[in-house]
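**Q** Sharing a structure below in structure tokens format, with a few things to ask.
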Amino acid sequence: MNYSCLPNDDGSLKGSTRMSTTVGMDIDHLTPDEMPAVRERILAKKDELGLKMMEESARGGGYHLVFARKPELSQEENLKWASELISVAYDSGAKDITRVFFTTSGNELIYLDDELFEIDLAARAPLACYRGDARTDNRTNKTDSVDNSLEGKILKSCVPLQKKYPTQYHGIPFDRIIKKYWEVNNQGYEPTEGDRDTLTYQLACDLRHICGKNADWLDQVIPCYDGFTPEEKREKIKNALTSEYNGFPLRLKNVLNCLATDKRTDKTDCIDAEEVDLGEQNLLESCSPLLKIPKLPQGVKDSVDAVGAGLAMPVVTAICPCIGTLATGVQLDVHGTKRGLNLISYIAGDFASGKGSIDPVVEAWMSEVAALDKMYQQQEDEWRAKKRAAKNKKEQPEEPKLPVRCLTLNNTVANLAERLANTEGKHGFSFTPEADTVAQKWKSTMSDFSVMLRQSYDGSKYEREARSADAVNVHIEHLLWNVCMCGTPDALYRVVNNYTDGFQSRIAVARTPDNTFAPLEDKPNVLTDRQRDRIQQVAHLLPLMFGEVVLPKLEARGREWLEKIRLETMKNDDRTRARQRFRVCVTAQRMTCCLMLCKVCETLIQKHGLTGAEAKLKQQPGLWKELLLKAQTPTMLDAYDVIADQLLENALYFFRDRIENAFQSRDYAGGMNGERTKRGKNDSIFGRLDCQFTFDQAMQHSVAIKGAQVNINTVRQMLKNWRKQGLVTIDENGNYRKVS
């Protein structure tokens, strides 16, 4: 039985005119112990899989599956999707991914859906196309003999060979998609005689993913550009369909994101005040960084999908401390210094801005650690009960030192320090959905809280001594503690109230989008069981990675970003922004490394399944390092730029005024900051000056930009810096000249 028609150039198996609605999948090489577990897992997910038939293979040790085809995916992509869903290894060694089964007996049949045998008469092509022209000629002469048979009924219901295909994709007309395609990928120019061959081929390669990989459908959708004949166009389409498939194309994904950001496809062709209301425009602007990251790895993508595109950056900022905690054995070399993935994050947003949807995502990542902690806490409860019962006895039960790692922030300094000393050299983790918990509990000891977090970010030594034998005494060689807080901007200022001690620069701050005027979602984003399962698969593998790693491409991208910001800030003498870039670079590299570790897990799971991936990491301890080096793809390096830019922007958005006031005065109570003014390159002091300028002109523009507090020494030092960096030279008249 052949349940899988592998598509040809025209989207069909040789001898047929359309693709099958089902896919056959062969699962082999299972041990007797694995068979029952795999069977139950498949049957538990039969609805999500679209299972039509399941039988045990005749020789045993495997199963035959038939499931509903996803037409937007290729044959190989369908099989990989199903393998991932039911957590079995994808059979990459098979010679032919079209499965042909010798059907076994009824004794081995486990599941059968009658839909497997239903015939869609309206969509079926005439039998003449299977039998040849001779059969077509005979049809008119043999109507009496076939009218009452199934074949006769099919012949009567035959439709023309020229099928009418859909003109829209998810409600977006194809002509609108193609128009936007050229705007995004060719500066708005349609193909001309000089480039129509190449661009038509490129367009067909991309559109085949949403046109069922069907030549007739593509022929209907793609225009003939600038005198292109239909035959020449069809030849390009045929070549595109035979080219290699490498997943959903980035060019098309960017186009669809522009047209349909956050499921609002009817208003986002161009962001205009007349077409998009204020609420939607704010949300669209907040989604723009996400468009620069085309494909997030497993776990990270599921986290973003669970909260929606508008909260993509906040949720990534929230889960990176979780990933760093789980991958507690990983140390990343940044600028020659090896440290763990120590991260502190704060998700800032007004009330009802969607911060609450991040809570279940964080819980999904930490569920395995939390389950262990629950067991330890039960042991502690038993000890407390015994201690109360033995209150007046001479022998007291010994207090257990249990490695609880999920630590509440509603705690004292002493208790928290003792907990962190008992984590057995692994990261502790704290999460609070209300940052005011910190502000209230640690109000009188906020300095201690700040010191502990600063030392945990650096992984430095932490010690606490007391003279009393009953008091907490801790000596931690490397303090490892990752923290994620959610709260309002007002609470942020209560948590971070000192702007010169370095605490502020160690926090990764993310902003939720402004949803003040946004309409209520018909179907709000929630964490599904499948998303939770995919997150937990990655979370299960991360603790198996140990060792130091150097990522040269990520380090080079970090240095490139640092240099870019250095030159920008020097031209405008922006000391606050220049100072912030140092730790932003380190934080962004650690966060990007977290995403890359998830990519490593995804690669292993797709290739070997969860159980196989776990075995591989245990058998080959250095395997993850090799895969991590390969994970330094352009996509991941672009993700670094997005993360670094966002962290720097948010740090300045919330703290610029307070930092500058703190450094200028001992009174730290700065004014409330409003929206930052966005400046272009010509608004910098350097950009305002002519190619030739005098000291007085530099002084004048410095005052115009920075205010009346600018003095002669400030301007002299600025010009001195410009000369040292080769930005300007001094001519014989004592004037300055820009170096081109």
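The values are calculated or read from the model by the stated rules, or taken from the named source; none is laboratory data. Since this is a predicted model, take the numbers as computed values, not measurements. Glycine gets a Cβ as well: all are built from the backbone with ideal geometry, and neighbour counts include every protein chain shown.
**Q** Only one of (1) out of contact with any Phe, Trp or Tyr (no Cβ under 9 Å at 6 or more places or on another chain); (2) surrounded by 19 or more Cβ atoms within 10 Å (Cβ to Cβ); (3) in a helix (DSSP H, G or I) fails for Leu332. Which number is that?
**A** For Leu332, the exception is condition (3).
**Q** Determine whether Leu311 is more than 26 Å from Ala556 (Cα to Cα), crowded, with 24+ Cβ neighbours inside 10 Å and not β-branched (Val, Ile, Thr). So that I can check it myself, show each step before the final result.
**A** Numbers: more than 26 Å from Ala556 (Cα to Cα): yes; crowded, with 24+ Cβ neighbours inside 10 Å: yes; not β-branched (Val, Ile, Thr): yes.
Yes.
**Q** Would you please name the residue that is surrounded by the fewest Cβ atoms within 10 Å (Cβ to Cβ), looking only at residues in segment 25-38 that are in contact with a helix residue (DSSP H, G or I) (Cβ under 9 Å, 6 or more places away or on another chain) and under 19 Å from Asn78 (Cα atoms)? Quick ask: steps written out before the conclusion?
**A** Step one: of segment 25-38, the residues in contact with a helix residue (DSSP H, G or I) (Cβ under 9 Å, 6 or more places away or on another chain) are 25, 27, 30, 34.
When the remaining residues are screened for being under 19 Å from Asn78 (Cα atoms), the result is 25, 27.
Values: Met25: 26, Ile27: 24.
Checking each candidate, the answer is Ile27.
**Q** State all residues of segment 42-68 that are buried (at least 16 other Cβ atoms within 10 Å of the Cβ), within 33 Å of the chain's Cα centre (by Cα) and either over 20 Å from Phe102 (Cβ atoms) or aliphatic (A, V, I, L, M) (or both); if no residue qualifies, say none.
**A** Correct list: Ile42, Lys45, Lys46, Leu49, Gly50, Leu51, Leu65, Val66, Ala68.
**Q** I want to confirm something. Restricting to segment 13-26 and keeping residues that are among the β-branched types (Val, Ile, Thr) and at pLDDT below 85, which single residue is farthest from the chain's Cα centre (by Cα)?
**A** Step one: filter segment 13-26 for residues among the β-branched types (Val, Ile, Thr), giving 17, 21-23.
So of that shortlist, the ones also at pLDDT below 85 come out as 17, 21.
Working: Thr17: 39, Thr21: 31 Å.
Taking the candidates together, the pick is Thr17.
**Q** Need at least 1 residues that are basic (Lys, Arg) and either surrounded by fewer than 16 Cβ atoms within 10 Å (Cβ to Cβ) or without any contact (Cβ under 8 Å) to a residue 40 or more places away in the chain (or both) per element, so show me which helices (runs of 4 or more DSSP H) inside segment 165-243 make the cut, counting only ones lying wholly within it. Can you show your working first?
**A** On the way: elements: 174-185, 196-207, 215-221, 230-242.
Passing ranges, in order: 174-185, 196-207, 230-242.
**Q** Residue under question is Glu48, and the condition is that it be touching a helix residue (DSSP H, G or I) at 6+ places or on another chain (Cβ under 6 Å) and not β-branched (Val, Ile, Thr); does it hold?
**A** Details: touching a helix residue (DSSP H, G or I) at 6+ places or on another chain (Cβ under 6 Å): no; not β-branched (Val, Ile, Thr): yes.
No: the conditions fail for Glu48.
**Q** Looking at Pro524, is it surrounded by 19 or more Cβ atoms within 10 Å (Cβ to Cβ), part of a loop (DSSP other than H, G, I, E, B) and out of contact with any strand residue (DSSP E or B) (no Cβ under 6 Å at 6 or more places or on another chain)? Steps first, please.
**A** Details: surrounded by 19 or more Cβ atoms within 10 Å (Cβ to Cβ): no; part of a loop (DSSP other than H, G, I, E, B): yes; out of contact with any strand residue (DSSP E or B) (no Cβ under 6 Å at 6 or more places or on another chain): yes.
No.
**Q** Mind checking whether some residue in segment 472-479 is in contact with a Phe, Trp or Tyr (Cβ under 6 Å, 6 or more places away or on another chain) and under 24 Å from Gly340 (Cβ atoms)?
**A** Narrowing segment 472-479 to residues in contact with a Phe, Trp or Tyr (Cβ under 6 Å, 6 or more places away or on another chain): 476, 479.
Then drop every residue that is not under 24 Å from Gly340 (Cβ atoms), which leaves 476, 479.
Within segment 472-479, one or more residues are in contact with a Phe, Trp or Tyr (Cβ under 6 Å, 6 or more places away or on another chain) and under 24 Å from Gly340 (Cβ atoms).
**Q** Among the residues of segment 501-517, is there at least one that is closer than 18 Å to Val438 by Cα and part of a helix (DSSP H, G or I)?
**A** The answer is yes; a qualifying residue exists.
Each row is one residue, and each column tells you yes or no for (1) hydrophobic (A, V, I, L, M, F, W, C); (2) within 23 Å of Leu326 (Cβ to Cβ); (3) without any contact (Cβ under 8 Å) to a residue 24 or more places away in the chain.
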{"residue": "Trp383", "(1), (2), (3)": "yes, no, yes"}
{"residue": "Ala389", "(1), (2), (3)": "yes, no, yes"}
{"residue": "Gln396", "(1), (2), (3)": "no, no, yes"}
{"residue": "Asn415", "(1), (2), (3)": "no, no, no"}
{"residue": "Arg419", "(1), (2), (3)": "no, yes, yes"}
